[in-house]
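A short worksheet on the structure shown next.
The values are calculated or read from the model by the stated rules, or taken from the named source; none is laboratory data. In this text, all values refer to a predicted model and were calculated from it rather than measured experimentally. Neighbour counts run over all protein chains shown; Cβ positions are idealised from the backbone, glycine included. For the accessible areas, the whole protein counts, side chains as well, though only heavy atoms, and no ligand, DNA or RNA atoms are used. Shrake-Rupley method; radii C 1.70, N 1.55, O 1.52, S 1.80 Å.
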Amino acid sequence: MNSKKIIPLALPFDDVPDDNQQSKQMVSKQRLKELREIITGHQRLYYEEDSPVIPDSEYDELLRELKSLEEKHPELADTDSPSLRVGGAPNAKFSKVTHASPMLSLENALNKGELADFFSRVRSSLQKIHSALDSADIPILDGDLAYMAEMKIDGLAVSLYYRNGEFVRGATRGDGKVGEDVTENIKTIGTIPQALKGNYPMSLEIRGEVLMFKNIFEQINRRREEAEEPLLANPRNAAAGALRQLESSVAAERQLSFFAYYVVEAELMGLKTQSDVLKWLSGNGFPVQSAVALCGNVQEADSFIEHWRSARHDLPYVTDGVVFKLNDTELWNRLGSTSHAPRWAIAFKYPPEEKETRVISIEISVGRTGALTPIANLSPVRLGGSTIQRASLHNEDEVRRKDVREGDLVRIRKAGEVIPEVIEVVKEARNGSEEVYEMPKTCPACGAPVVRLPDEAAVRCPNRASCPAQIMEAIIHFVSRNGMDIKGLGEKLIEMLLEHGLIVNLSDIYNLDKDSLESLPRMGEKSAQNVISAIEESRSKPLESLLAALGIRYVGSRAAEILARNFPDMSKIAEAGIEELSNIDGIGEVMASSISAFFTDESNRSLIEALAAKGVRMDSGSFAPQGSIRGENEAISKLAGLTFVFTGELSFPRSEGESMVKSLGGKTTSSVSGKTSYVVAGESAGSKLEKARQLGVKIIGESEFLELVKANG
């Protein structure tokens with residue numbers, strides 16, 4: 001079966017006459033077989049490969065059809081049916097962790113009728129249990145049952161294990177019984193306590209959700225789009241993919257977050273309700289989402305659903321529903337669970353929000369690498385908590401596949417609740433005036449003839465050296481936080497500099513002076529001086545910053561750092577061949593080819609020579625070799641083996657402090673652990689400072705850090 005394309009087959013089940021039971025059973029058996037294969041494939045893509053190909057709503061409908069057929073035909077039951085599975089098989093590249101108690105999934109309610117059935121079913125089951133016991137062992141159900149309502153976070157379920165208050169292991173849900181050991185990746189999540197404070201048992205297991213906030217997801221996708229890497233589908237896949245990487249640096253770069261919601265064997269700690277559990281978690285340093293409420297009756301549950309139907313879009317993370325749990329944990333024990341889900345909880349799923357709007361026009365955006373991207377300008381429409389006016393159509397093939405034309409009525413949604421996308425054209429609404437869209441033959445920014453290579457989807461402008469759109473985007477990227485981090489030199493100022501002829505190309509940034517900046521509209525003396533100071537500081541940024549800033553295709557911050565660790569200066573990278581580059585761990589053949597092609601281009605070589613002539617640093621400083629191509633007799637860096645964490649308000653950008661450490665061979669992380677060498681604490685330092693004190697990690701101030709850097713070169 002194709003791992004990326006799983007197409008459900010429509011069988012004529014409803015067309016089989018009711019009186020032909022044998023034929024109907026044959027069709028049911030065939031449809032069951034196909035549904036099980038289809039859903040098993042989708043479960044593998046979602047849980048094991050973190051790359052689903054259909055929306056959750058479509059998956060839910062397939063699963064619902066399967067369960068319905070299985071209920072109608074118990075004689076066709078299969079103990080290996082995907083309807084009975086929890087999650088996916090643990091990946092063999094990780095050590096396995098057997099859960100002390102199963103990590104189950106939740107049943108879904110796709111409408112209010114199904115939710116009402118759940119509430120009724122719970123009450124009825126408890127009444128039967130109470131009657132059978134004929135005792136006061138459980139509360140008499142003469143009033144409404146209280147439910148804790150919590151927003152359903154779209155992330156990856158994990159379990160955290162603590163021994164004597166110290167975090168010792170983190171595991172994914174896996175198949176519910178056996179998960180993957182992702183301890184090192186969990187440690188990169190700064191909000192997860194590495195050491196507990198207050199009262200806690202000797203052995204403790206906390207469960208919750210690892211997620212990625214929407215702003216981080218958007219930042220990552222912007223960087224991937226600039227590097228022409230495939231975009232991440234949604235925050236959930238981005239978080240899951242990072243957590244299941246062998247290199248914890250990937251998880252650290254993704255800036256993951258965590259919300260706790262469950263304590264295993266909470267009753268042994270005297271926690272008798274879910275509201276008690278959430279309070280205990282919050283009071284003991286675990287992040288707990290604030291979008292929760294105790295609902296005393298069904299009406300309050302309904303009010304919670306309606307309030308968050310639109311308000312959920314204002315949350316900084318993606319949610320797709322509401323989880324309702326009986327608040328009394330003693331009742332959990334009475335009701336028990338099925339093989340895959342508890343009977344005391346359910347997830348109400350919001351339907352996917354889609355809207356129709358009109359394509360006003362299709363315009364072309366020219367990117368930093370010359371790629372021409374068609375953009376649909378839309379009649380403004382409110383969707384997912386924001387007004388949508390534009391949606392990327394990605395490339396020429398995508399426009400053809402969906403047959404999007406100017407004037408079309410289209411149906412749109414937010415992919416992963418974040419990225420606006422055109423789902424389909426409402427073709428029956430066409431009036432005949434729409435024309436098939438043709439990609440331009442010349443670049444709209446410079447007029448150069450565009451090209452499309454046989455193995456690429458992108459149409460490109462080859463005029464890299466003088467195309468104003470490419471120059472503009474290249475400069476924006478060069479000065480960005482992920483490049484040379486030249487503060488104050490924003491997009492609007494760059495546009496003015498180009499319009500006034502103060503800069504023509506990227507290297508001209510280093511020709512700017514205070515007087516020329518002050519001559520621009522709304523540019524004061526202080527602002528001009530700040531920009532000039534930032535430009536001057538950028539000349540001494542380490543080699544990895546320059547490499548990331550140059551916009552070499554596929555080379556982001558991490559690849560730039562790898563190159564800087566393996567080569568003494570820019571000239572050696574330029575001289576390296578594809579084979580030499582691809583032999584470096586973390587580079588690979590595709591990236592190596594891109595790097596080699598970049599340095600083969602004469603205009604790129606001229607740019608680097610111009611930057612070098614203007615004092616921009618071209619060497620890697622005292623980076624320590626790590627299995628690199630450098631000689632073995634180089635001096636070992638003074639900070640090699642030391643790990644730093646920065647916290648609080650410092651007089652210099654945190655990224656600058658991290659660059660200082662890395663240039664001297666040290667490491668930086670975002671979270672404090674027993675392996676941390678120094679915590680550099682500025683004003684208003686918070687939980688990281690407290691954690692450092694608890695763990696006995698050495699804490700130094702800003703001045704001590706700078707002295708340490710100075711003393712080590």
Theoretical FRET efficiency, 1/(1+(r/R0)^6), r = Cβ-Cβ of E267 and T191, R0 30 Å, to 0.05:
0.70
To the nearest 20 debye, what is the magnitude of the charge dipole of the chain about its Cα centre, counting +1 on the Cβ of each Lys and Arg and -1 on the Cβ of each Asp and Glu?
1100
Multiply the residue separation of D78 and A613 by 0.36 nm, subtract the distance between their alpha-carbon atoms, and state the gained length in nm to one decimal.
185.4 nm
At 7 Å along the Cα-to-beta-carbon direction for both H307 and I129, put a label point, then send me their distance in nm to one decimal.
2.8
Tell me, what HN-Hα J-couplings in whole Hz come from the Karplus equation 6.51 cos²θ - 1.76 cosθ + 1.60 at θ = phi - 60° for each residue of segment 354-368, using x for Gly and Pro?
10, 9, 9, 8, 9, 7, 6, 7, 10, 10, 10, 9, 9, x, 4
Virtual paramagnetic centre 7 Å along Cα→Cβ of S593, amide N under 18 Å, in segment 538-552:
552
With a/c under 1.5 counting as rounded, go ahead and sort segment 662-704 into rounded, prolate or oblate using the C-alpha gyration tensor (a ≥ b ≥ c being the square roots of the eigenvalues; past the cut-off, prolate if a/b is larger than b/c, else oblate).
oblate
Which one of G501, W332, F167 is farthest out on the positive end of the charge dipole of the chain, using unit charges on Cβ (Lys, Arg +1; Asp, Glu -1) and the Cα centre as origin?
F167
So for segment 244-335, averaging the separation of alpha carbon pairs under 8 Å that are six or more residues apart and normalising by length, what relative contact order in percent results?
30
Indicate the gyration tensor shape class of segment 638-711 (rounded, prolate or oblate), computed on the Cα atoms with a ≥ b ≥ c the square roots of the eigenvalues: a/c under 1.5 is rounded; otherwise a/b larger than b/c is prolate and the rest oblate.
oblate
In segment 361-376, which residues have a backbone nitrogen under 14 Å from the label point lying 7 Å from L453's Cα in the Cα-to-Cβ direction?
369-372
Using only helices, what value at 222 nm comes out for the chain when you add -39,500 (n - 2.57) per DSSP H run of length 4 or more and divide by the total residues, to the nearest 500 deg cm²/dmol?
-10500 deg cm²/dmol
Length gained when the stretch Q30-S105 is fully extended (0.36 nm per residue, less Cα-Cα span):
24.3 nm
Sites K710 and S533, calculated FRET efficiency, Cβ-Cβ separation with R0 22 Å, nearest 0.05
0.60
Protection proxy ranking of 467-478, 66-77 - average other beta-carbon atoms within 10 Å, highest first:
467-478, 66-77
If N is the number of residues in segment 270-353, what value comes out of its Cα radius of gyration divided by 2.2 N^0.38 Å?
1.19
Spit out the partnerless Cys residues in the chain, using Cβ distances under 4.7 Å as the pairing rule.
C295
Per residue, accessible area of the chain with a 1.4 Å probe, heavy atoms of protein chains only, in Å², comes to 47
Overall form of segment 362-427 per C-alpha gyration tensor (a/c, 1.5; a/b vs b/c)
oblate
For K541, the lysines lying under 22 Å Cα to Cα, once residues fewer than eight places off in the same chain are dropped, come out as K487, K514, K572, K614, K638, K662, K667, K710
How long is the gain from S386 to S290 if the chain were fully straight, where each residue apart is worth 0.36 nm and the alpha carbon distance is subtracted?
32.4 nm
For segment 558-565, in order, what is each residue's ³J(HN,Hα) by Karplus, 6.51 cos²θ - 1.76 cosθ + 1.60 with θ = phi - 60°, in whole Hz (x at glycine and Pro)?
5, 5, 4, 5, 4, 4, 5, 7
Can you give me the long-range amide H partners of K152? Hydrogens built in the peptide plane at 1.01 Å from N, cutoff under 5 Å, separation of 5 or more residues or another chain.
D320, G321, V322, V323
Placing each pseudo-label 7 Å from Cα in the direction of the beta carbon, E354 and M496 end up separated by a distance in nanometres of 4.6
Given a Förster radius of 22 Å and the C-beta distance between N164 and S95 as r, what FRET efficiency does 1/(1 + (r/R0)^6) yield to the nearest 0.05?
0.50
Modelled label reach - R64, point 7 Å along Cα→Cβ, segment 106-123 residues with backbone N closer than 12 Å:
108-115
From zero outward in steps of 20 Å, how is the percent of C-alpha pairs of the chain spread across the bins?
14, 43, 34, 9, 0
